[in-house]
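Input: a single structure, listed below in structure tokens.
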Amino acid sequence: MNDNLSTPSRKGARRPFPKYRQTVLDIIRQSQKIPSFPIVRRMNLASVANARKMSSPNIGWTAIVAKAHGMVCQKMPELREVFVAVPKKHLYCHPHSVASVSVHRHDDEGHARLIWGRLENPESTTLVQLQSQLDYFRTAPMKSAYREGLILEGRSAMVRRIAWWWVMNCSGRKRAKHVGTFSISSLGAQGSLNAHHPLITTTSLAIGPIASNGECDVVLICDHRTLDGMLAAEALQSLEAVLCNQVAEELRPPSFRVDAA
């Protein structure tokens with residue numbers, strides 16, 4: 001712990017803003033420009049939770065939700081569209097999903113921080129492979145796992161602002177590739193639902209704690225320039241169906257699957 005913070009003082013304490021929180025500031029700044037709205041659906045994920053208990057290796061909920069939402073986005077191309085403002089307003093549809101996943105971990109200097117990893121084409125990736133990528137994000141040296149993001153984070157404020165402006169406004173393909181088409185920021189494992197978090201992708205998911213009967217609240221935050229409430233509600237309905245069927249089936253051991261001999 002920083003001595004300046006742990007030592008009591010009647011005058012309080014002041015310290016320089018940490019460089020490792022610059023990316024958070026950049027994301028907040030960009031999210032303030034996006035008109036967003038949340039949709040909440042109470043889902044019964046008992047079948048998924050039970051299948052997950054049987055899976056080997058253990059698959060986390062982030063990998064499960066990333067694959068399921070990627071599959072929904074493949075069926076609903078509007079969810080893969082990103083808004084582009086320059087030179088003329090248009091919507092760009094990426095050929096596949098790119099999931100941006102928030103990771104809370106300690107960096108190489110021991111600071112607890114948030115950073116983001118990307119999962120390419122999660123809809124066509126096995127759950128085991130997705131979990132392996134997430135484990136890499138959580139355990140690999142920061143300079144290996146997040147090289148691109150750390151380079152930008154180390155630049156001056158002016159350079160970062162120009163880079164963010166360009167990728168968010170001028171190229172749909174670059175925005176999908178470097179920022180993602182959807183994101184996941186979930187605290188369900190900590191018993192909380194972060195229903196209001198910054199949005200810089202077309203949609204963002206958060207899953208709450210799962211009750212003993214398998215029920216939980218799932219939030220989908222949407223870019224209103226791209227989506228309306230009806231389509232967002234349909235996406236959540238489709239997400240529940242994909243989770244309870246295709247994804248639950250993949251989680252089960254072969255001998256427990258419906259198509260097993």
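The values are calculated or read from the model by the stated rules, or taken from the named source; none is laboratory data. Source: prediction; values computed, not measured. Every residue, glycine as well, gets a Cβ built from its backbone with ideal geometry; the counts of neighbours run over all protein chains shown.
Contact map, segment 164-175: first residue part of a helix (DSSP H, G or I), second residue surrounded by 16 or more Cβ atoms within 10 Å (Cβ to Cβ) and among the acidic types (Asp, Glu), Cβ cut-off under 9 Å, separation 6 or more or different chains; pairs are Trp164/Asp26; Gly172/Glu81.
Checked across segment 196-206, the condition of being touching a Lys or Arg at 6+ places or on another chain (Cβ under 8 Å) and either of a type in the set (Ser, Thr, Tyr) or within 14 Å of Arg41 (Cα to Cα) (or both) holds for at least one residue. Screening Gly154 on (1) farther than 26 Å from Gly70 by Cα; (2) free of Cβ contacts under 8 Å to residues at least 40 places away in the same chain shows it passes everything except condition (2). With respect to the conditions (1) in a helix (DSSP H, G or I); (2) under 16 Å from the mean Cα position of the chain (by Cα); (3) β-branched (Val, Ile, Thr); (4) buried (at least 17 other Cβ atoms within 10 Å of the Cβ), Val82 falls short on a single one, namely (1).
The residue pairs whose first member lies in segment 56-80 and is farther than 17 Å from Leu227 by Cβ and among the polar types (S, T, N, Q), whose second member is modelled with pLDDT of 95 or more and assigned to a loop (DSSP other than H, G, I, E, B), and whose beta carbons are closer than 6 Å, counting only pairs six or more residues apart or on different chains, do not exist in this structure. Residue count for segment 185-203 satisfying the condition of being within 15 Å of Val24 (Cα to Cα) and either of a type in the set (S, T, N, Q) or outside any loop (DSSP other than H, G, I, E, B) (or both): 2. When segment 96-121 is filtered for residues that are acidic (Asp, Glu) and either farther than 14 Å from Leu150 by Cα or modelled with pLDDT of 90 or more (or both), only Glu120 remains.
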